[in-house]
1. Given the residues B:Ala154, B:Ala139, which is the only one that is touching a residue at least 40 places away in the same chain (Cβ under 8 Å) and within 12 Å of chain A (Cβ to nearest Cβ)?
2. Out of A:Ala336, A:Ala315, A:Ala348, A:Ala357, which single residue is surrounded by 15 or more Cβ atoms within 10 Å (Cβ to Cβ) and facing chain B (nearest Cβ under 10 Å)?
3. Could you say which residue among B:Arg242, B:Arg201, B:Arg285 is without any contact (Cβ under 8 Å) to a residue 40 or more places away in the chain and in the same structural domain as B:Val138 (by TED's automatic domain parsing)?
4. Please indicate, with yes or no, whether at least one residue in the range A:56-68 is farther than 25 Å from A:Pro307 by Cβ and among the aromatic types (Phe, Trp, Tyr).
5. Would you be able to tell me the number of residues in the range A:88-107 that are crowded, with 22+ Cβ neighbours inside 10 Å and either in contact (Cβ under 8 Å) with a residue 60 or more places away in the chain or more than 8 Å from chain B (Cβ to nearest Cβ) (or both)?
6. Please state which of the following conditions A:Leu75 fails to meet, knowing it meets all the rest: (1) within 17 Å of B:Leu8 (Cα to Cα); (2) in contact (Cβ under 8 Å) with a residue 24 or more places away in the chain.
7. Filter the range B:108-125 for residues that are more than 9 Å from every other protein chain (Cβ to nearest Cβ) and either closer than 22 Å to B:Met35 by Cβ or hydrophobic (A, V, I, L, M, F, W, C) (or both); which is surrounded by the fewest Cβ atoms within 10 Å (Cβ to Cβ)?
8. Go through the range B:323-333 residue by residue and tally those that are in contact (Cβ under 8 Å) with a residue 12 or more places away in the chain and surrounded by 12 or more Cβ atoms within 10 Å (Cβ to Cβ).
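The values are calculated or read from the model by the stated rules, or taken from the named source; none is laboratory data. Small disclaimer: the values here were computed from a predicted structure and weren't measured. Note that we place each Cβ from the backbone using ideal geometry, even for glycine, and neighbour counts take in every protein chain shown.
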Number of protein chains: 2
Amino acid sequence: MSDANSDLLPEGLEDRLPRDAATATRVMRAIQTAMHGHGYDRVMPPSIEFERSLASRMAGIQSRRMFRFVDPLSLRMMALRSDYTPQIGRIAETRLAEAPRPLRLCYAGQVVTIKPDGLNPAREKLQCGAELIGADNVAAAAEIVAIAIEALQAAGASGVSVDFTLPDLVDTLAEKALPLEPSQIEAVRRELDTKDAGGLRDVGGEAYVPLLYATGEFDAAIEKLSAIDAGGALASRIKALREIAASLNGTARLTLDPSERHGFEYQTWFGFTLYAQGVRGPVGRGGTYRIAGSGAGEAATGFSLYPDALIDVIAANEPAEDRVFLPLGHDRDEAARLRSIGWRTVAALSDADSAEALGCTHVLGAGGPENV
Amino acid sequence: MSDANSDLLPEGLEDRLPRDAATATRVMRAIQTAMHGHGYDRVMPPSIEFERSLASRMAGIQSRRMFRFVDPLSLRMMALRSDYTPQIGRIAETRLAEAPRPLRLCYAGQVVTIKPDGLNPAREKLQCGAELIGADNVAAAAEIVAIAIEALQAAGASGVSVDFTLPDLVDTLAEKALPLEPSQIEAVRRELDTKDAGGLRDVGGEAYVPLLYATGEFDAAIEKLSAIDAGGALASRIKALREIAASLNGTARLTLDPSERHGFEYQTWFGFTLYAQGVRGPVGRGGTYRIAGSGAGEAATGFSLYPDALIDVIAANEPAEDRVFLPLGHDRDEAARLRSIGWRTVAALSDADSAEALGCTHVLGAGGPENV
């Protein structure tokens, strides 16, 4: 090699080699099949766009994580996609503005960021998800959570659990039931984020302390939340969460963390985080939101999955696939027939090729595939 | 919208909307299934890499078409993938250097260039293909051409035709049979490229003029090429082309243009271009080559497909898909059963939703899906 260094990949970027890539392909297809089955139509935005168009539909700080460069043709600033959802919002509000609502769209592909995300060193990730545009009611939320669970299970996830949250909880309570001065709201939110009861008292949010204990298994936690909500300010939210939970009919373990805000900066009344057994960190999240960049913004509900860590777990446990070696001069029609029923074939190209060396499990003999 | 301009996409970049994206998904899967069936393992390189690593494995001028930018983390120059093949070569020569040969790898995804390619204004394209690394004999070439044809046909292409070429034809002939001074070789190549008989004579390449007529339908053209090759310098090449053609067994129309070099700057003895009926321009090309960037370079054979234009043709002719509307309070088990046998469902989220408005072809009734 002329320069060994030139073959190293940048930090946080990786090749998926055959075993992992095969699992990634199967996982992404299973997720897409689930979304497709529920009437979600895939759209494929370009991987680069004008930076301004992407950033105007993103959280200000999020947009700083995009790779940026000048387009030598237009001399305008472009950026590499770091999240699909602003692109789906753009498509819904422009080219599909006249399409009937609710509009069901889905997407699948790569996203790239300059800096890795928290503890995960990866700068390129797979992202796939579904957006239900023009609806953010309980039925919309229940459909979106159900499809997210179904998609993960179809992909091979076991022990899926869903953590519900109420992203605008503090705003709702502060308005009437547990009044706060506008200047206190941010402080109360911050102390809830760190789950600090002492801190909450210090900033005058003593009335919010019980929220810290309305967490955990859904059925018990929602009871505690109901008990707090003496004034009824949360009655409709609690009813909605109970309806969503009931509609899921035991397909996943449910928990509640009503004041969780991390990752829900843009959600409105409902948010959820998805976990799978054996996978470190969330595998996805979703909720209700308003599409940014278009005045008040159209109501929407959606989820995003980040299946990389799930793929790693599944790939590590998958058995090797069968492959049948086709000796020189094999029956080509029989080989084609085997492929048509799902066999993978590996044809000899010279006398030097052998089933063993090429990792084949079978050899095509006179009577069909025979074990090596 | 705050700024209508911010919603325009840069020149040469497009969203694929539902109909086209559905066809693109099907076409890409069909191509991948064909490659997978023949034992090709997918690898997934990152969409960005160090510019130096990509450029060192590409034609000098090709690398100028990549988008480039500084990585704020490593402070090194990165580039956006404009072609998958240098990445596959890198993987084969580094992380899979010890894997048994021949090594069968495949890939599928997007590539992006600064400038559009010839008449096609697109700056982002789909690319998928297969690389057979460690083999460039007749059997390797025959396998690669056969899979390319099978993949295109599986994707829905009709009237597939393959144009064979001999990329090193002039070098081979100039050495002995039809001698040229080293200084004449480039001029003869150029005149052959422009198919200019007068120009060929002017540069002292009169003996090469008959090559201009050894083109067209394969059987007739290969006869003409044999007639030219009095000295036998091309005997092994002609025999190889005849063997590849015979192995294809009538699965595609075959033509020959032995001096065609455009797009084959890196091929060794064999190259081919793929066309499909109704699709303007080539849908792919391939051939034998040596992997760049590693001394003499390992022998390899492969093809790349660029299915965008094929997808456009297929999408324009596809009938609308069936979708079954699920009224409020529908039987959820029956809906799940319908999805499991391939139906797409669209659930009502409120009384305002209707099958007609949402473009459904069927409604779930008591006895199953009924026509709208």
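1. Numbers: B:Ala139 fails: touching a residue at least 40 places away in the same chain (Cβ under 8 Å).
Checking each option against the conditions leaves just B:Ala154.
2. Values: A:Ala336 fails: surrounded by 15 or more Cβ atoms within 10 Å (Cβ to Cβ); A:Ala315 fails: facing chain B (nearest Cβ under 10 Å); A:Ala357 fails: surrounded by 15 or more Cβ atoms within 10 Å (Cβ to Cβ).
Just a single option satisfies the conditions, and that option is A:Ala348.
3. Details: B:Arg242 fails: in the same structural domain as B:Val138 (by TED's automatic domain parsing); B:Arg201 fails: in the same structural domain as B:Val138 (by TED's automatic domain parsing).
None of the other options fit; the residue is B:Arg285.
4. No, the range A:56-68 has no match at all.
5. In the first step, residues of the range A:88-107 are kept if they are crowded, with 22+ Cβ neighbours inside 10 Å; the result is A:88-92, A:102-107.
Applying the additional criterion that residues be either in contact (Cβ under 8 Å) with a residue 60 or more places away in the chain or more than 8 Å from chain B (Cβ to nearest Cβ) (or both) yields A:88-90, A:92, A:103-107.
Final tally of qualifying residues: 9.
6. Among (1) within 17 Å of B:Leu8 (Cα to Cα); (2) in contact (Cβ under 8 Å) with a residue 24 or more places away in the chain, the lone unmet condition for A:Leu75 is (2).
7. Of everything passing the filter in the range B:108-125, B:Leu119 is surrounded by the fewest Cβ atoms within 10 Å (Cβ to Cβ).
8. Taking the range B:323-333 and keeping what is in contact (Cβ under 8 Å) with a residue 12 or more places away in the chain, we get B:323-328, B:330-331.
Add one more test, that the residue is surrounded by 12 or more Cβ atoms within 10 Å (Cβ to Cβ), and what stays is B:323-327, B:330-331.
Counting residues in the range B:323-333 that are in contact (Cβ under 8 Å) with a residue 12 or more places away in the chain and surrounded by 12 or more Cβ atoms within 10 Å (Cβ to Cβ) gives 7.
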